[in-house]
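The values are calculated or read from the model by the stated rules, or taken from the named source; none is laboratory data. Just so you know, these numbers come straight off a predicted model, no measurement behind them. For neighbour counting, all protein chains shown are included, and Cβ atoms are generated from backbone atoms with ideal geometry for every residue, glycine included.
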Amino acid sequence: MTHSERQHTKISPSGATRWINCPGSVILSATAPPQPESPFANEGSRAHELAEYCLEHRVSDPHSVKSGFDDIPDLQKDAVRTYVDYTLPKLLTSDYCGIEDQVQLTLGDTVIKGIVDFWYVTGDRLEIVDYKHGQGVVVEPRGNYQLVLYAHGVLSMLSKSVQSAIKDIVVTIVQPRAPHADGPIRSWQVDPKEFIEILATAISSVKRVESGDETLNPGAWCRFCPALPVCPAVAEQAKQKAREEFADCKLLSIEEVAALLKWAEDVLIPWASSMRGYLFDEIDRGQDVPGWKIVEKRAVRKWVSEDAVLDWARKMRLRQADIFERRLINPAQMEKLVGRKKIPADLIDKHSSGRTLVRETDPRSDASSSAAGEEFLEENE
Ligand code: SF4
């Protein structure tokens, strides 16, 4: 069974942040229209499959896997390599380990299932490693419901003697494609008190879900909710925000705009995008949707057959120098060819393609005009 074909239960560790914060999402999602798999989810599944293959076959470089993964671009294989570099040495020296293991966890009277990317026990340490291929949403290990539930699941499948020897539980996120001040690999040594608190929270949330609690609570966790395009609570929150923010005819303050942008990025933009996907599918299935239709995107011209074009160019007596272009490969391609450290640094010029607004937690340095001014003043003081 491939990674993308595995069935998730309605309550799964991977959706824990959502159903813990919004218990009603489980019932609403069950009645929501089916969502098409996004290209990003498909990319993530393929990357996980490659990572699993590398660990199962003890392959240290995903680029060297000859067949079956040609559809994965090189840059994405680089990301998988970060995960393999971290996990493979641990796998080779562990006492016990598991790759893409299905774990069962008991939360009160309910048993839920999840797939753990990689776990191992060495001596008195249990580590859970989760690979995140996405680059849009940065994931933190500290207090991470999903990873703590995985740790609980792995612990419960170990023998009593191994369990009792474990003193340290560490959960790790490997997320190479999303910039973070602490780098692509971030770990949290689980605090036993927080571990118990998280389990207690999860147990009480599962109870709420099982008792049919339909409370809806919009927040950043809506982004991956299957019910997002049809969720009445998100629509109500959007209306409420509009009523609050635009009630008085006055300019919004910087603080109000900053808070609104954060809300828009967390909820409004994902909501609009999920509604777009939902309506696209409905129209495509033949449903009449007032005010919307599907059209072809701008056409991209390409040759039907390069051989036919070359025949035609020969007959036209066109010169090869005019119809072929020869270009030097870029620095990334050269690095792949000869290795990163072999290219003299002075051959590469790095310049930004522009500036962008990001959250203050982003690890990149401040590039605002005022920051540049301060640097100039400091240098000239
Ligand atoms: S979209 Fe958000 S508020 Fe609505 S059900 Fe899903 S998680 Fe809850």
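At a glance:
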{"read-out": "E214 vs. criteria free of Cβ contacts under 8 Å to residues at least 12 places away in the same chain, within 13 Å of the ligand (Cβ to nearest atom) and over 25 Å from E127 (Cα atoms)", "value": "no"}
{"read-out": "In the range 55-74, the residues that are surrounded by 11 or more Cβ atoms within 10 Å (Cβ to Cβ) and assigned to a helix (DSSP H, G or I)", "value": "L55, E56, P62, H63, D74"}
{"read-out": "In the range 217-249, residue farthest from Q135 (Cα to Cα) [restricted to those that are within 9 Å of the ligand (Cβ to nearest atom) and of a type in the set (F, W, Y)]", "value": "W221"}
{"read-out": "Residues of the range 161-180 that turn out to be surrounded by fewer than 16 Cβ atoms within 10 Å (Cβ to Cβ) and either aromatic (F, W, Y) or within 13 Å of D124 (Cα to Cα) (or both), as a count", "value": "7"}
{"read-out": "Single condition A30 does not satisfy, out of (1) without any contact (Cβ under 8 Å) to a residue 60 or more places away in the chain; (2) surrounded by fewer than 16 Cβ atoms within 10 Å (Cβ to Cβ); (3) closer than 25 Å to Q175 by Cα", "value": "(3)"}
{"read-out": "Among the candidates E306, E296, E265, E282, residue that is within 16 Å of the ligand (Cβ to nearest atom) and of a type in the set (D, E)", "value": "E265"}
{"read-out": "Test: residue in the range 177-197 that is closer than 22 Å to F224 by Cα and of a type in the set (S, T, N, Q)", "value": "no"}
{"read-out": "Contacts under 8 angstrom Cβ, first residue in the range 78-93 being at positive phi, partner not charged (D, E, K, R) and not in a helix (DSSP H, G or I), 6 or more apart", "value": "none"}
{"read-out": "The range 315-365, residues that are assigned to a loop (DSSP other than H, G, I, E, B), under 25 Å from the mean Cα position of the chain (by Cα) and of a type outside the set (V, I, T)", "value": "S352, S353, G354, R355, L357, R359, E360, D362, P363, R364, S365"}
{"read-out": "Unmet criterion (only one of (1) out of contact with any strand residue (DSSP E or B) (no Cβ under 7 Å at 6 or more places or on another chain); (2) of a type outside the set (G, A, S); (3) buried (at least 20 other Cβ atoms within 10 Å of the Cβ); (4) farther than 30 Å from I72 by Cβ) for L126", "value": "(1)"}
{"read-out": "Any hit, the range 31-49, residues being within 16 Å of the ligand (Cβ to nearest atom), assigned to a helix (DSSP H, G or I) and modelled with pLDDT under 90", "value": "yes"}
{"read-out": "Which listed residue is modelled with pLDDT of 90 or more and out of contact with any Asp or Glu (no Cβ under 8 Å at 6 or more places or on another chain), from L251, L279", "value": "L279"}
